[in-house]
Each structure stands twice: as structure tokens, then as C-alpha cells.
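The values are calculated or read from the model by the stated rules, or taken from the named source; none is laboratory data. Note that this is a predicted model, so its numbers are computed, not measured. Note: accessible area is taken over every heavy atom of the protein model, side chains too, but ligands, DNA and RNA are not part of it. Shrake-Rupley method; radii C 1.70, N 1.55, O 1.52, S 1.80 Å.
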Amino acid sequence: MEIAYYIIEHKATVRQAAKQFGVSKSTIHKDVAERLLLINPSLAGEARKVLDTNKSERHIRGGMATREKYLHQHG
């Protein structure tokens, strides 16, 4: 539940949550998608929304990171 609250509060990605709690990305997925669903379905749903939003936007963040990288190299 603590992981889900962290994800919701910080709009954190799976990687950020995994790093914060010292576990793997797989553990974050399993905890939010399966274990939490049995304990607190509404909280699991809220966390899932944030993770789904992050997943749908990741290609944009990746492009921005690449752009920054090349701006610093050539600029």
C-alpha cells in the first residue's frame, strides 16, 4: 500500500518507485497489479491510472531526454 501511495502522490514511474523502495520493477508491477488488487482494489486502481498515464507518455519523455543529450553535446 505504501508503494501505491508513493506512486499516486509523486506521479512516479515504475522505475522511480522501484528505486525509492529498493526493489525491482517486476516487484512494483506485481505488488500494484496483483497483490494490492486483493487488499485494496480502489487504491490499486488509482495507482494503475498513474502507471498507465506514465506508460502512455514514456515515448515523449524518451524523446525529450535524447534531445537534451544532443543539445548539450553540440550546443
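Numbers at a glance
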quantity: Three principal axis lengths of the chain [C-alpha, angstrom, descending]; calculated: 51, 23, 19
quantity: Segment 10-53 - Rg over Rh from alpha carbon coordinates, Kirkwood radius; calculated: 0.94
quantity: Carbon + sulfur, % of accessible area of the chain - ligands and nucleic acids excluded, 1.4 Å; calculated: 55 percent
quantity: Extended-chain gain in nm, criterion 0.36 nm per residue less alpha-carbon gap, Leu38 and His59; calculated: 4.5 nm
quantity: J(HN,Hα) series, segment 48-53, from Karplus relation 6.51 cos²θ - 1.76 cosθ + 1.60, nearest Hz, glycine and proline x; calculated: 4, 4, 5, 5, 5, 4
